[in-house]
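The values are calculated or read from the model by the stated rules, or taken from the named source; none is laboratory data. This structure is a prediction, so every number in the text was calculated from the model and none was measured. Here Cβ is always computed from backbone atoms with ideal geometry, including for glycine, and neighbour counts include all displayed protein chains.
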Amino acid sequence: MKILVTGGLGFIGSHTVVELQNEGFEVVVIDNLSNSSEDVLKGIEAITGKKPLFEKLDLREKAAVQDFFKKHADVNGVIHFAASKAVGESVGNPLLYYENNINALVYILQELEKKENANFIFSSSCTVYGQAKTMPINEGSEVQPAMSPYGNTKQIGEEIITDVAKVSGINAILLRYFNPIGAHPSAEIGELPLGIPQNLVPFITQTGIGLRKELLVYGNDYPTPDGTCIRDYIHVVDLAKAHVVALQRLLNKKNQDKVETFNLGTGVGSSVLEVINAFEKVSGQKLAYRIVDRREGDVTLAYADTTKANDVLGWKTQSTLEQAMESAWKWEQKIRS
Ligand code: WQD
């Protein structure tokens with residue numbers, strides 16, 4: 001069983017390659033290294049004892065995608081992570097996001113639709129829900145107008161996959177992630193810190209290690225118990241394991257529809273201040289932070305209803321917020337040592 005993982009040297013991709021290899025799958029990775037490094041292959045090998053096949057290519061090059069699928073005609077499944085994912089950047093540079101996140105998806109699907117049967121796992125996001133009206137958020141919650149071009153590419157991607165699956169041998173599972181955090185407990189792989197982190201947890205650990213002066217907390221005047229926003233922070237290893245379970249569901253033809261959707265979260269909401277407290281607890285040090293104005297585009301509340309993932313997919317998270325934070329902190333200390 002050869003599985004293609006696009007973006008397989010990225011944060012969630014690399015952790016998923018580890019779990020696939022742990023399950024005995026043969027993995028081929030495509031990555032254009034725009035937001036990752038080939039060194040990640042060494043980390044994957046250090047954990048699993050096996051280095052995946054690797055092809056450096058840009059999925060925006062249609063001919064390169066066609067050549068890849070000619071060379072690797074035995075690929076049975078694809079887990080598609082490769083995409084640009086910075087919400088703020090997407091507002092200022094929408095065409096980079098539409099070209100990279102949509103064209104690449106179309107070129108891959110064009111190759112898969114030539115096959116009798118193809119299995120496709122799509123990296124989507126809870127961002128498609130915007131500010132959901134009810135909590136916790138289940139898969140039937142209304143998909144709201146996207147608040148950024150990034151979020152729009154995830155919505156459009158889901159729609160493209162749904163349309164293509166209806167008229168091809170493609171079976172797909174859309175995985176809507178909540179907030180992935182942490183790193184592999186071995187600290188051999190983790191979130192590569194390129195530039196100033198947009199996300200909360202890498203900014204916290206970089207502040208803790210002394211790389212950043214202080215964390216700016218974007219608002220404490222939200223209608224929540226402590227005034228800061230609430231999110232569902234999920235350990236990246238738990239998230240990676242969900243991808244293997246979803247792929248096996250398709251490979252074993254257990255799917256009930258051509259396209260299925262699952263929310264992947266812990267089901268527990270944590271506020272920004274609670275995440276800071278988790279860091280202080282696991283690191284034994286105080287974090288320097290300051291409350292500032294709200295960040296444009298932030299929703300107040302987002303945490304998952306995990307019923308469908310638990311009962312239908314047969315997957316649930318194992319790690320707590322503190323365990324995830326501990327792995328993030330261990331990774332930060334490792335890469336700065
Ligand atoms: C979490 C909370 C911030 C940084 C984003 C994407 C989403 C998904 C996950 C890809 C918010 C607060 C943050 C900081 C802060 N990515 N914060 N100071 O925005 O929930 O989701 O990442 O799919 O699509 O939108 O995650 O980590 O940026 O923010 O106070 O320096 O932390 O206001 O309340 P977010 P985040």
Scan of the range 233-277 for residues that are over 30 Å from Arg295 (Cβ atoms) and outside any helix (DSSP H, G or I), ordered by number: Asn252, Lys253, Lys254, Asn255, Gln256, Asp257, Lys258, Val259, Glu260
Inter-residue pairs, beta-carbon under 6 Å, first in the same structural domain as Glu142 (by TED's automatic domain parsing) and in the range 104-127, second within 16 Å of the ligand (Cβ to nearest atom) and of a type in the set (Val, Ile, Thr), 6+ apart: Ile121/Ile79
For Lys258, only one of the following conditions fails: (1) basic (Lys, Arg); (2) farther than 30 Å from Met1 by Cα; (3) in contact with a strand residue (DSSP E or B) (Cβ under 9 Å, 6 or more places away or on another chain). What is its number? (2)
Spot the failing condition for Val272; the list is (1) of a type in the set (Val, Ile, Thr); (2) buried (at least 21 other Cβ atoms within 10 Å of the Cβ); (3) under 25 Å from Val143 (Cβ atoms), and only one is missed. (3)
Mind listing whichever residues of the range 110-157 are β-branched (Val, Ile, Thr), within 14 Å of the ligand (Cβ to nearest atom) and either part of a strand (DSSP E or B) or in contact with a strand residue (DSSP E or B) (Cβ under 9 Å, 6 or more places away or on another chain) (or both)? Thr127, Val128, Ile137
Only unsatisfied item for Thr306, checking (1) farther than 24 Å from Asn22 by Cα; (2) surrounded by fewer than 19 Cβ atoms within 10 Å (Cβ to Cβ), is (2)
Restricting the range 281-303 to residues that are more than 8 Å from the ligand (Cβ to nearest atom), in a loop (DSSP other than H, G, I, E, B) and at pLDDT 95 or above, the residue that is surrounded by the fewest Cβ atoms within 10 Å (Cβ to Cβ): Gly284
Gly210 is checked against (1) surrounded by fewer than 21 Cβ atoms within 10 Å (Cβ to Cβ); (2) under 15 Å from the mean Cα position of the chain (by Cα); (3) under 19 Å from Glu326 (Cα atoms) and fails just one. What number does that condition carry? (2)
Please find, among Ile209, Ile160, Ile189, the residue that is more than 13 Å from the ligand (Cβ to nearest atom), of a type outside the set (Gly, Ala, Ser), out of contact with any strand residue (DSSP E or B) (no Cβ under 8 Å at 6 or more places or on another chain) and assigned by TED's automatic domain parsing to the domain that holds Ile291. Ile209
Out of (1) under 20 Å from Thr300 (Cβ atoms); (2) within 12 Å of the ligand (Cβ to nearest atom), what's the single condition that is false for Ile196? (1)
For the range 216-230, does any single residue satisfy the condition of being in contact with a helix residue (DSSP H, G or I) (Cβ under 7 Å, 6 or more places away or on another chain), of a type in the set (Gly, Ala, Ser) and at pLDDT 95 or above? no
Unique residue being of a type in the set (Asp, Glu), within 11 Å of the ligand (Cβ to nearest atom) and under 18 Å from the mean Cα position of the chain (by Cα) when the list is Asp232, Asp238: Asp232
